[in-house]
Amino acid sequence: MNERKIIVNMKVLLDIKDNMALHLLEVLKSLPYVKTKTLTNEKAALMGEIIEAVDELKLVRQGKLKGITAKQLIDDL
């Protein structure tokens, strides 16, 4: 029987004060199984907005938040 290994990688976005970030980054970089990448403020802000939009979409789908139609969205532009 062929067994398949499924490898799952978790991505984590951290919001850390600048004066604490360098120490934590050094610790994370010392771990052989962790890859780090520093984001620009613009990319971090964009990711935050995307995460917020996805969270809102989940609430709309659950009926906990009222959404708007595509027509309403276009009309608002």
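Give me Leu57, Leu77 sorted ascending by neighbouring Cβ count inside 10 Å, so fewest comes first. Don't jump to the answer; show the numbers that get you there.
Details: Leu57 12, Leu77 4.
Final ranking by Cβ density, sparse to dense: Leu77, Leu57.
Which value in deg cm²/dmol, rounded to the nearest 500, describes the helix-derived mean residue ellipticity at 222 nm for the chain, given -39,500 (n - 2.57) per DSSP H run of n ≥ 4 and division by the residue count?
That comes out to -16500 deg cm²/dmol.
Using 0.36 nm per residue of separation minus the Cα-Cα distance, give me the extension gain between Val8 and Ile50 in nm, one decimal.
Values: separation 42, 0.36 × 42 = 15.12 nm, distance 2.21 nm.
That pair, Val8 and Ile50, stretches by 12.9 nm at full extension.
Estimate the FRET efficiency between Asn19 and Leu57 by the formula 1/(1 + (r/R0)^6), using the beta-carbon distance for r and 30 Å for R0, to the nearest 0.05.
0.30
Using the Karplus curve 6.51 cos²θ - 1.76 cosθ + 1.60 with θ = phi - 60°, what ³J(HN,Hα) values do you get for each residue of the range 13-29, in whole Hz, with x for Gly and Pro?
My calculation for the range 13-29 gives 9, 10, 10, 10, 4, 3, 5, 9, 5, 4, 5, 5, 4, 4, 4, 5, 5 Hz in order.
Coordinate-derived values only; no laboratory data. Predicted model only: the values in this text are computed from it and were never measured. Glycine gets a Cβ as well: all are built from the backbone with ideal geometry, and neighbour counts include every protein chain shown.
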